[in-house]
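In what follows, a single structure is set out as structure tokens and then discussed.
Derivation of every value follows stated rules applied to the coordinates shown; laboratory data play no part. Because the structure is predicted, anything quoted here is derived from the model rather than measured. Cβ placement follows ideal geometry from the backbone for every residue including glycine, while neighbour counts extend to all protein chains displayed.
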Amino acid sequence: MPVYVSGYTDNGGQGIYKYEWSKDGQLTGGELAAKAEAPSYFTIKRDTNMLYAVSELTDFQGTGGGTVIAFERNPNDGSLTEINEEATYGASPCYAVTDNDNIYTANYMSGSISVLPVSSDGVSPLGYMLNHTAAATGGVPDRQEAAHAHSFDFIDDTWAISCDLGTDQTIVYKRSEDGKKLEETGSFQFPNGTGPRHAAISRNKKHVYVLSELDSNVYVLNFDSKTGTLTQVEHHDADPAGPVDGGAEIELSPDGRFLYASVRFVNLITVFKIDQHSGKLTLVDSQSSGGDHPRQFKIDPSGRFLLVGNMNSDNIVIFKINQKTGVLEDPVTIDHPQPTCIKFWI
């Protein structure tokens, strides 16, 4: 199974790389699939054989933002061919997802979501923008001086959410009646200085788990699909020692039994067990990520392995997941320059 890895390109990285993944947890290859500037995140649209990467720039050709680069995948060798590139008109796009018709990028420095149409012909010019208009909380003054959109995810075909580090909010969107646009319907407000970053959604769509960056807490929120309302159930420190800066990635195991969260500045991966009825969490374990700055990780489709990209130590660490306890075991390390996004071609 192909695996693609991207990252920054200011300290050895060159773009997007391709590996092969075996069922027994072997990651081989690592050849450059496509050159790109600062492709810090990407999303895959397998039905059209396309990969869309965001180039995390602040002023591409005077547009005041970054870009989306559309690549077509060669099914024979896995190489990527650039089709075209379009401006996001939002600065520092750092996250992206697609639905049937569009790509949605979270633009960190602009506090906005860019929506660009996509097809097998590539990516089209900007369709519309969703601006985060709430005031920054200033809880951490040098980090929360403005809105900072950090992620965007669909809960289901109707509802979507975006985490904003600067406004301490998770913003809720609903599709318009004609299905052509998303419209903001409300938000969940976190305590000042929380800095919500990324979210994971339960399989039954009833629970949303948000990892904050500025104090590294995992918030358990209930989601009401009739009203689009998020309500807090509980929260836990992702670092058992207490609040700390650097919360990064959050993901659920494919079977929904465990939640994993990474904390960059203390280099931890923390494991929680999920109560299948209430969605509440119980701490299982917290351990080293096997490197420096675990910005992102990905669980393989079987749920038996977790691959973490340690950006500052230039490595990917492959852990086995204990199927009974969820604990990460038997790490294997490979060298890789500046990894920030790992995804399986599924």
What order do you get for 194, 170 when you list them from fewest to most C-beta neighbours inside 10 Å? 170, 194
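For the stretch 132-288, what class follows from the C-alpha gyration tensor (a ≥ b ≥ c being the square roots of its eigenvalues): rounded when a/c is under 1.5, otherwise prolate if a/b is larger than b/c, else oblate? Could you put the intermediate results ahead of the total?
Details: a/c = 2.11, a/b = 1.17, b/c = 1.80.
Since a/c reaches 1.5 but b/c is at least a/b, the shape of the stretch 132-288 is classed as oblate.
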If Lys and Arg each add +1 and Asp and Glu each add -1, what is the summed charge of the other residues whose beta carbon sits under 15 Å from the beta carbon of residue 8? -2
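Over the chain, what is the relative contact order in whole percent, taking alpha-carbon pairs under 8 Å and six or more residues apart? The partial results should precede the final answer.
Numbers: 1054 pairs, mean separation 36.9, N = 346.
Relative contact order here is 11 percent.
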Show me the ranking of peptides 90-99, 238-247 by mean Cβ neighbours inside 10 Å, starting with the highest. 90-99, 238-247
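Please compute the contact order of the stretch 241-314 in relative form: average sequence separation of alpha-carbon pairs under 8 Å and at least six residues apart, divided by the residue count, as a percent.
Details: 158 pairs, mean separation 18.6, N = 74.
Dividing the mean separation by the residue count of the stretch 241-314 yields 25 percent.
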For the pair residue 189 and residue 335, how long in nm is the line joining their label points, each one 7 Å along Cα→Cβ? 5.2 nm
Per-residue HN-Hα couplings for the stretch 123-136, Karplus 6.51 cos²θ - 1.76 cosθ + 1.60 at θ = phi - 60°, whole Hz, x for Gly and Pro? 10, 9, x, 3, x, 7, 10, 10, 8, 7, 9, 5, 6, 5
Members of 18/205; 45/181; 45/324; 180/280 lying beyond 30 Å, as alpha-carbon distances in this model show: 18/205; 45/324; 180/280
Along each of its three principal axes, how wide is the spread of alpha-carbon positions in the chain, in whole angstrom units, largest first? 46, 45, 37
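Could you work out the local net charge near residue 44, counting Lys and Arg as +1, Asp and Glu as -1, over the other residues with Cβ closer than 9 Å to its Cβ?
Working: positive: 45, 46, 73, 343; negative: none.
It works out to a net charge of +4.
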I need the calculated FRET efficiency for the pair residue 26 and residue 257, taking r as the beta carbon distance and R₀ as 25 Å, to the nearest 0.05. 0.50
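Cβ neighbours within 10 Å, averaged per peptide: list 129-142, 283-296 in order, most packed at the top.
Working: 129-142: 15.9, 283-296: 19.4.
Going from most to least packed, we get 283-296, 129-142.
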The stretch 132-288 - percent relative contact order, Cα under 8 Å, separation 6 or more: 14 percent
Expressed in angstrom and ordered largest first, the alpha-carbon extents of the stretch 185-227 along the principal axes are 30, 22, 12
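So for each of 69-81, 302-314 I average, over its residues, the number of other beta carbons within 10 Å; can you give me the resulting order with the highest mean first?
Numbers: 69-81: 17.4, 302-314: 21.5.
Packing order, densest peptide first, comes out as 302-314, 69-81.
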Given charges at Cβ of Lys, Arg, Asp, Glu: the stretch 19-64 dipole, positive-most of 34, 51, 64: 51
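How would the stretch 63-214 be classified by its alpha-carbon gyration tensor: rounded, prolate or oblate, with rounded meaning a/c under 1.5 and the a/b versus b/c comparison settling the rest? Show your work: numbers first, answer last.
Working: a/c = 1.81, a/b = 1.50, b/c = 1.21.
Prolate, since a/c reaches 1.5 and a/b exceeds b/c.
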